[in-house]
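The values are calculated or read from the model by the stated rules, or taken from the named source; none is laboratory data. These figures come from a predicted structure and were not determined experimentally. A quick note on method: Cβ atoms are made from the backbone with ideal geometry, for glycine too, and the neighbour counts reach across all protein chains shown. Accessible surface areas use protein heavy atoms only, side chains included; no ligands, DNA or RNA. Shrake-Rupley method; radii C 1.70, N 1.55, O 1.52, S 1.80 Å.
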Amino acid sequence: MKWLVAGACVVALGIGAFIVFGKTVTPPSGNPVPAAKGADRGPDGSDASDWPTYHGSYSLTGVSNSSLPEVPERLWKFKAGNRVDTTPVAADGRIYFTTAKGGLFAVDFKGQEIWKQSIAPDWFTSPPLFADGRLILGTGKGVLRSYAAADGKEQWTYDVGGSVQGTPNRIDLEAGKKGVVAISQSDGSLHGIDLATGKGVWKMPAVDRCDGSAGVGGDHIVMGSCASAFHIYSVSKAAKVTDVPLGGDNQVAGGVALSGTQAYAGTRSGKLCAADIAEGRLLWTFADGQGEAFATPAVNDKLVIYGADDGKLYAVDRAKGTKVWAFDTGNRPLSPVIARDKVVVSSGGSLFLLDLAGGKKLWSTPVSDDTTSPAVVGGMILVGGDDGTVTAYGRK
């Protein structure tokens, strides 16, 4: 994923009012892929064995249950024929990803194609969201599109009014209805949409340009913006609760990871910020990183792992905000993943596997000139490349 400076903030190439609105759309078609029976659920309601967003669960914590070997082997490589810029998602034994010219693919866990679609001359700008048997994606023309994961048929479209750069995300609406939230990139307005019909339910007023993704946890939606703040919303109240100023040159153009009542994100100044969303206050700022830090951090119960443009991946004590270790990738690390006792990260077209406790490199391999951040699901590391491929690594 590429990054370009744009005005006061950065484009990621990884309120109190309540406005009711909507438009007529075509009804859903196709049968949803059934949820896996007996699957473990994550704290945000997502299937803990799946990878429904570019950074794992709906809370964007980047944590996988998968056990990885210390020396993974290449399992397969799927050739899509065009650049793969965003991280694949996976659910129920299928992998979904997009290509730069508007292609949408579904393959199985052995890398065999199931179906494909195209929206050319429009193109997908957001990473896919898998939610309740549907794939939701934003486009460069500001259209949110829903597809049936079973067969790839389009179900509905919704005009966001501006391009969608960050991932759409899954929310629960009133009366037991399921919804999706999407951010209009240009002004940071937040849209709540009925997942089944594609009709708008509410819209939060603009805050500032937002190039990143909102994390969802319980009743909360948290996003960052060019206003150098976390913006905290209540889904049930359909309103913004508060802003948490981050200070200085701390614009947020990446995803916000939520764990419990705490939110984490990197900033333009290279810092990592932690906030308590229940109390609406900044907990700590880790300032060792240099350059910009727009990759989404990975968070478990003890550590926060994030990368900065100085080439380093940092492990930070979650409670104290102090450095535990740092690893120099030699390039710009993308959004890392914690997989049990290991860390997976893409940087400079290569994949790295590190020991979580001490940051020691266990393995690395070149993938392409440029890659996506990794997904880790089903015992596999999945990564897209600018050579038009998706590659899987794991244990043969």
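Taking a ≥ b ≥ c as the square roots of the eigenvalues of the alpha carbon gyration tensor, region 327-396 is oblate, as a/c is not under 1.5 and a/b does not beat b/c.
Placing pseudo-labels 7 Å out from each Cα toward the beta carbon at Arg281 and Ala239 gives an inter-label distance of 2.3 nm.
What a 1.4 Å probe finds exposed on the chain is 48% carbon and sulfur by accessible area, rounded to a whole percent. Set against the 2.2 N^0.38 Å expectation for a compact globular protein, region 167-217 has a Cα radius of gyration ratio of 1.10.
Starting from the Kirkwood Rh over alpha-carbon pairs, what translational D in µm² s⁻¹ does region 134-229 have by Stokes-Einstein at 4 °C and 1.567 mPa s? Let's see the in-between values first.
Values: Rh = 13.4 Å.
My calculation gives 97 µm²/s for D.
Percent of C-alpha pairs per 20 Å bin in the chain, short distances first: 32, 61, 7.
Can you sort Lys77, Lys178 by solvent-accessible area, 1.4 Å probe, largest first? Walk me through the intermediate numbers first.
Values: Lys77 75, Lys178 95 Å².
If we order Lys77, Lys178 from most to least accessible, we get Lys178, Lys77.
Solvent-accessible surface (1.4 Å probe) assigned to Glu73 amounts to roughly 90 Å². Rolling a 1.4 Å probe over the heavy atoms of the protein chains gives the chain an accessible area of 36 Å² per residue. Assuming 0.692 mPa s and 37 °C, estimate D for region 183-295 with Stokes-Einstein, Rh taken as the Kirkwood radius over Cα pairs, in µm²/s. Result for D is 235 µm²/s. Annotation: amide H of Lys342 within the under-5 Å range of Leu356, sequence separation 5 or more or interchain, hydrogens built in the peptide plane.
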